[in-house]
Structures are given as C-alpha cells and as structure tokens.
Amino acid sequence: EGFSDLKVEEYREEVRRRWGEETLRDSEGRVVRMGKARFAALQAEGGAIFQSIADNMARGFDSPEVQEQVAKWRQWLEHFSTYSDEAVLGLGRFYSQHPDFVAFFRRYHVSLPEFMTRAIEYYCSKRAENR
C-alpha cells in the first residue's frame, strides 16, 4: 500500500535477486494470509517501534531502551518472512543505504536511518557474543 505498481515490482525483483523466488513467495503469502486488517495493525506496530527508537535516540544506540525496541523490531520482522541473523544485519545496514528506506526512516527523525543501522549492528553483535 502506498507504492506504485512499478515500485512494488522493483522491490519484488530485488528480493528475487538477493534471496530467491521462494523467499518472495513466502513473504507475499504471509501478507496475503494475514489480510488487510492484520497488515494495517502490523504497520502501526512497526511505526510505534520506530517512533520509540527515534524518541530514545539521545540515550544511545546501545541503551537498554533502544535495544529493547530493536529486539521487538526483530520479532516483528518474522511476521513477514524468516530472517537469519545475517539477513537481519544486512537489512539493518540497508536502512541507511537504500534511498527509499532512508526517506522512510527520516520521517521519524532525520538521523534515524544511520541510528537504526548502528543499533541493529550492536544488537546483532551482542547476539553473536551470546551464541
């Protein structure tokens, strides 16, 4: 919702290229099965997570408050696909590199794209230490 058909197809092609047709089918199937109401509720949940992270930026990317929200974000992602820790890290880095993600996160705070990347990198490094 909100993207042109051309933009949706660009994203679909990028998923195919990066993660394969099976990942694309799985993710699209999950979204279709959840229905519009559940999808809207998940969009709102994600927005609340991103807003909370933006609201806590002054505490630092490694603060308990931010890391708690990053953990919630990580769980929230699983509604849309299955992500390895490496994929989560890659997505976190993508948030500050891809112009569409940068624009999305800047709606919350001008520095949120880079902050999200650092917070997710920190989260992933702590998970790796605990394995």
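The values are calculated or read from the model by the stated rules, or taken from the named source; none is laboratory data. For clarity, every value in this text was computed on a predicted model and none was experimentally measured. Here the Cβ positions follow ideal geometry from the backbone for every residue, glycine too, while neighbour counts run over all protein chains shown. Surface areas here come from the heavy atoms of the whole protein model, side chains and all, with no ligands, DNA or RNA. Shrake-Rupley method; radii C 1.70, N 1.55, O 1.52, S 1.80 Å.
Structure values in brief
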| item | result |
| --- | --- |
| Nearby lysines by direct alpha-carbon distance to residue 126 (threshold 28 angstrom, same-chain neighbours under 8 apart not counted) | 72 |
| The chain - percent of accessible surface contributed by carbon and sulfur, probe 1.4 Å | 52 |
| Extension reserve of the residue 44-residue 8 stretch, reckoned as 0.36 nm per residue once the Cα distance is removed | 10.9 nm |
| Angle in degrees between helix 21-55 and the longest Cα principal axis of the chain, rounded to the nearest 10 | 30 |
| Whole-number accessible area per residue in Å² for the chain, which is evaluated in the context of all protein chains at 1.4 Å | 61 |
| For the chain, size of Cβ-based charge dipole, Lys and Arg +1, Asp and Glu -1, in debye | 160 |
| Tensor-based shape of the range 1-104 (alpha-carbon gyration tensor, a/c under 1.5 rounded, otherwise prolate or oblate) | prolate |
